[in-house]
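Everything on this sheet refers to the single structure shown next.
The values are calculated or read from the model by the stated rules, or taken from the named source; none is laboratory data. From a predicted model like this one, the values you see are computed outputs, not experimental measurements. Here Cβ is always computed from backbone atoms with ideal geometry, including for glycine, and neighbour counts include all displayed protein chains. These accessible areas exclude ligands, DNA and RNA; they are computed on the full protein's heavy atoms, side chains included. Shrake-Rupley method; radii C 1.70, N 1.55, O 1.52, S 1.80 Å.
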Amino acid sequence: MTRADSGPGAGAGLETGADADHEADARPETAIGGTRAGAGSGGGHGRDRTEAGSNEPWPTREVRATAKPRTGQRAAAALRERLAPDNVRAFANSSPGLLIAVGLLLIALCASAAVVTADVVGDRQLALDVLLAETEPEAHSAHRLYTSLSIADAAASTAFISGGLEPRTVRERYAQAVGEAAAEVVIGAGDAEADDRLRTGIATGLPVYTGLVETARANNRSGYPVGAAYLSEASHQMQSTLLPMAEELEDHRSAAVDEAGRRHVRPPWTAIVLLLVALGALAWVQTLLTRRWRRVLNPGLLAASALMLILLAWTVIAGSISAGAMIGGRDEGTVPGSRLVESRILTHQARTAETLKLARRDATGDYDRIYDESITRIADLLEGYSDRAPATDAVGDARAALDRWRASHQRMNDALAHGDYPGAAEVATGAGAAQTAAAVDALDLALDGALDETRVHQREHISRAARVLDFLSPGALVLGLLAVGGVCAGIWPRLREYR
């Protein structure tokens, strides 16, 4: 081997090889945009990496990974700086901060007013639907139960006076009244434990009453005087146990109807106050924009104000119409209906006292006192019936029937005074138009027809009160949403001026 390789040419060849190695090592880094040191130093590094025999790539991905945390740290630091108390306080006192604050306040007030109004109106309409579908029918059922028991007691006493085999019509009326009372006990429903207790008591006592009546009827047919004692005991159970429970049940159900009406006629103050507050806040913000930003009119806020004003007017007007309908239902249905219900119940109580006087051949005057008190109260109720209430014609017929009953009752007493018991019984139970039975039937029929008419008026008014509110609840939500949009449309242009 010659040493010519160590000459200048050979040295140049080595340097050229080193540069080639350096360029080969630098190519991957150049492809990703990396930079390295000059060629002189690069040759040494190239030889070191070649001598080490390492093919490890340059740490380009690691460099990127370490750069990201630095960016996130800078963003977090910037966020902490912005959320510093001094910076937040300064932003809140600035015009953009004030605009954002008042905008959020208006959005909250408009949305709250709309949601509360929709909720209040929805609850009121639901209460009216419940009143129409459940509460009022339950009150009517309790009235029918009370009336059916009274009719059954009066019919049982009337049948007993006839002696032997009672008239078929009287017997059928008694059976129908007992059946209706049993049906009302079964189908009736209450929302209180007291109502369930009363219905259970009536359901338990009614078979006992009918058993006593049947025993009295069997003895009466056989001509046994003990039948009158059984009938008196049956009537005592009806008057002292069953009818008081039925009356209490009717009072509970009628009170539920009255309470529902009283709640509905109260104004929805929560919704009205929130709407007024929202309108006041809108007016204040528009005044603020006028004074501070010299903006005379803001179309978005004006639109929101108009929408809130429409919702307020709609709520007040619809609520007033609905409350007026409920008041009309009370004046044309509940009040006159209560007079008619009491009159009808007193009619059968007076009839029971009248027939028991004959059955017991009573001379103490107790039954006369019950009759006189009941008839006097019926006359007062019918005389005080309003001329503006419905069913005035039927009430007029009831007054005429009551006068005929009084006249026939007087004839019955005159016959008893002369010792003519068969004649008195004929006046009390006879089928003639001038007899007591016909007058009582006419009075009861007139009162029943008047009750049906007043109930129809009451239910019509309740239905009208509910239907007036049909579109208010969804309308409140729509108007509230539009008002929120108006607030955003009114505030956003002012905020854009500070970008």
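If you scan the range 406-465, which residues turn out to be farther than 21 Å from I378 by Cβ and in contact with a Leu (Cβ under 7 Å, 6 or more places away or on another chain)?
A424, A425, R459, I462, S463, A465
Sort out which residues of the range 200-221 are without any contact (Cβ under 8 Å) to a residue 24 or more places away in the chain and surrounded by 18 or more Cβ atoms within 10 Å (Cβ to Cβ), and write them in order of number.
Selection gives N219 alone.
Take the range 424-449 and flag every residue that is in contact with a Gly (Cβ under 8 Å, 6 or more places away or on another chain) and either more than 15 Å from R173 (Cβ to Cβ) or of a type outside the set (S, T, N, Q) (or both).
Matches in the range 424-449: A425, A437, A438.
Which condition number does R197 fail, the rest of (1) of a type in the set (K, R); (2) under 30 Å from I462 (Cα atoms); (3) crowded, with 19+ Cβ neighbours inside 10 Å being met?
Unmet condition: (3).
For the range 409-464, give me each residue that is of a type in the set (G, A, S) and within 24 Å of A391 (Cα to Cα).
Listed by number, the residues that qualify are A433, A437, A438, A439, A442, A446, G449, A450, S463.
Mind checking which residues of the range 280-325 are within 21 Å of the chain's Cα centre (by Cα), of a type in the set (V, I, T) and surrounded by 13 or more Cβ atoms within 10 Å (Cβ to Cβ)?
Selection gives T315, V316, I321.
Kindly indicate whether V341 is in a helix (DSSP H, G or I) and either within 26 Å of P267 (Cβ to Cβ) or open to solvent by less than 20 Å² (accessible area, probe 1.4 Å) (or both).
no
With respect to S150, is the statement that it is surrounded by fewer than 23 Cβ atoms within 10 Å (Cβ to Cβ), assigned to a helix (DSSP H, G or I) and either at pLDDT below 95 or not basic (K, R) (or both) true?
Answer is no for this residue.
Scan the helices (runs of 4 or more DSSP H) fully inside the range 373-484 and keep the ones with 3 or more residues being within 30 Å of G329 (Cβ to Cβ) and among the charged types (D, E, K, R).
392-417, 436-467
Could you go through the range 472-482 and let me know if any residue there is hydroxyl-bearing (S, T, Y), open to solvent by less than 50 Å² (accessible area, probe 1.4 Å) and touching a residue at least 12 places away in the same chain (Cβ under 8 Å).
yes
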